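Input: a single structure, listed below in structure tokens.
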Amino acid sequence: MTHFVGPKEFFPGIGAITFEGRESKNPLSYKFYDPDKRVLGRTMREHLRFAVAYWHSFCGAGSDPFGPGTRDFPWDSAATPMERARQRLDAAFEFVTKLGVPFYCFHDRDIAPAGSTVGESERNLQTMVALAKERQLATGVRLLWGTANLFSDPRYMNGAATNPDFRVVTHAAAQVKAAIDATIELGGQGYVFWGGREGYTCLLNTDMKRELENLARFLALARDYGRKNGFAGTFFIEPKPMEPSKHQYDFDAATVIGFLRAHGLDRDFKLNIEANHSTLAGHSFSHELQVAADAGLLGSIDANRGDPQNGWDTDQFPTDLYQTTEAMMIVLKTGGLVHGGLNFDAKVRRNSTDADDLFFAHIGGMDAFARGLEIAARLLEESPLKDLEQRRYASFSEGDGLRFSQGQLT
Ligand code: XLS
Ligand code: CA
Ligand code: CA
């Protein structure tokens, strides 16, 4: 990967972050993430496929429902929205290449501002995509997935694909078309649908059956459009039970799998499991990963965590070794993430205002997953775990138990 620094350096004083090993006291180095180290036949880089999330890292200045942002992003001081977008892109490529992460992810509106018409929004996006493509070619950084923001604009207050007003559905369709075009142009490995406002506030005014049918039709049309235009990657649905809607249709992995199968979408769509959304749904992260893996539909991961004392979507960076180990055991057992990766859909806290904090946060998350990967590999290869599990179900390996599982008993 080639280093990128634009006309203005946004993270001065920080160079390439490299592996220094567990004894290092340098906070700007990896203690466990050694990209070329081989674990079970693949390099750490290939297993982990880390991605930086554009929205949290370069767009979210720390605002919350009680106050505005706290961080001064130097790329936000330019005069026009498009100039700010260009500088933000430079900052993003500088950060990603200094960190040495192979992928990034974005929403259409993260990389390009909305215009006053559909056409202008699309042109803004195309301009920024052309620039991003240049940067990708120059650095070797790749797009893990693209998506459309179908939840911030007030027009989507009652949903996008599930909106009761067809005119809003068509607006969402135009936006998704442009975002799929952008993803194809940038060689994205995946395309994500997260339905933050695809849900309801009150059942009394909601025709849930119709809304779900509309959602399925919308997804099928998006898939057909992408396939017709050369998208060979995977479409991902990202489950989340609530927030911002009171109830979201993509509630959890099991719900989404049932929906995909009911509508014949499970050949093109897989799941993007986010740790914090799992806990919001009352499950553990590993439960959601296992449900998706068992269905053959584990596609990608949004690597973060919640706070056990809060019921919210706090999007913290992952640091819990038990969670990263269990997650990597499931990923290893399922054969790895093909078009997916580990996307840090995570943000530093609002009172973390130094530019360096973004590095520390990612380094911590990457090391936690690298260490988790190593432990998971050893648990699978060297511990008696597999054998113990086989023995637990031994009664199904012989006699009537075996005949029962083969469907031979009445
Ligand atoms: C929000 C979601 C969102 C998706 C992409 O809770 O995590 O950021 O990952 O739209
Ligand atoms: Ca997410
Ligand atoms: Ca989240």
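Inside the range 230-255, residues that are crowded, with 16+ Cβ neighbours inside 10 Å, under 20 Å from Ala148 (Cα atoms), among the hydrophobic types (A, V, I, L, M, F, W, C) and more than 16 Å from ligand 2 (Cβ to nearest atom) make up a count of 1. Among residues that are among the β-branched types (Val, Ile, Thr) and not in a helix (DSSP H, G or I), Val169 is not included.
The residue that is farthest from ligand 1 (Cβ to nearest atom), among those in the range 143-176 that are aromatic (Phe, Trp, Tyr) and closer than 19 Å to His247 by Cβ, is Tyr156. The set of residues from the range 278-316 being within 16 Å of the chain's Cα centre (by Cα), in a loop (DSSP other than H, G, I, E, B) and either away from ligand 1 (no atom under 14 Å from the Cβ) or among the β-branched types (Val, Ile, Thr) (or both) comprises Leu297, Thr314. Here Ala370 passes the criteria (1) assigned to a helix (DSSP H, G or I); (2) small (Gly, Ala, Ser); (3) surrounded by fewer than 20 Cβ atoms within 10 Å (Cβ to Cβ) except the one numbered (3). The residues listed here are Ala179, Ala275, Ala220; of these, the one that is on the phi < 0 side of the Ramachandran plot and away from ligand 1 (no atom under 12 Å from the Cβ) is Ala220.
Kindly establish whether Arg305 is within 16 Å of ligand 3 (Cβ to nearest atom), among the basic types (Lys, Arg) and either free of Cβ contacts under 8 Å to residues at least 40 places away in the same chain or within 25 Å of Tyr33 (Cα to Cα) (or both). Spelling it out, Arg305 is indeed within 16 Å of ligand 3 (Cβ to nearest atom), among the basic types (Lys, Arg) and either free of Cβ contacts under 8 Å to residues at least 40 places away in the same chain or within 25 Å of Tyr33 (Cα to Cα) (or both).
For Asn310, the criteria (1) buried (at least 19 other Cβ atoms within 10 Å of the Cβ); (2) at pLDDT below 95 hold in every case but one, which is (1). Looking only at the range 177-185, decide whether some residue is hydrophobic (A, V, I, L, M, F, W, C) and assigned to a loop (DSSP other than H, G, I, E, B). Checked against the condition, which is being hydrophobic (A, V, I, L, M, F, W, C) and assigned to a loop (DSSP other than H, G, I, E, B), the range 177-185 yields no hits at all.
Annotation: Asn214 fulfils all but one of (1) of a type outside the set (Gly, Ala, Ser); (2) touching a residue at least 60 places away in the same chain (Cβ under 8 Å); (3) surrounded by 19 or more Cβ atoms within 10 Å (Cβ to Cβ); the unmet one is (2). Only one of the listed residues (Gly258, Gly195, Gly188, Gly264) is part of a loop (DSSP other than H, G, I, E, B) and surrounded by fewer than 14 Cβ atoms within 10 Å (Cβ to Cβ). That residue is Gly264. Here the condition is being of a type in the set (Ser, Thr, Tyr), touching a residue at least 60 places away in the same chain (Cβ under 8 Å) and out of contact with any Cys (no Cβ under 6 Å at 6 or more places or on another chain); of Ser278, Ser300, it holds for Ser300 alone.
One residue stands out among those in the range 343-358 that are surrounded by 20 or more Cβ atoms within 10 Å (Cβ to Cβ), part of a loop (DSSP other than H, G, I, E, B) and of a type outside the set (A, V, I, L, M): the one that is farthest from ligand 1 (Cβ to nearest atom), which is Lys347.
The values are calculated or read from the model by the stated rules, or taken from the named source; none is laboratory data. The structure displayed is predicted, hence computed values, not measured ones. Methodologically, a virtual Cβ is constructed for each residue, glycine included, from the backbone with ideal geometry; neighbour enumeration extends over all protein chains shown.
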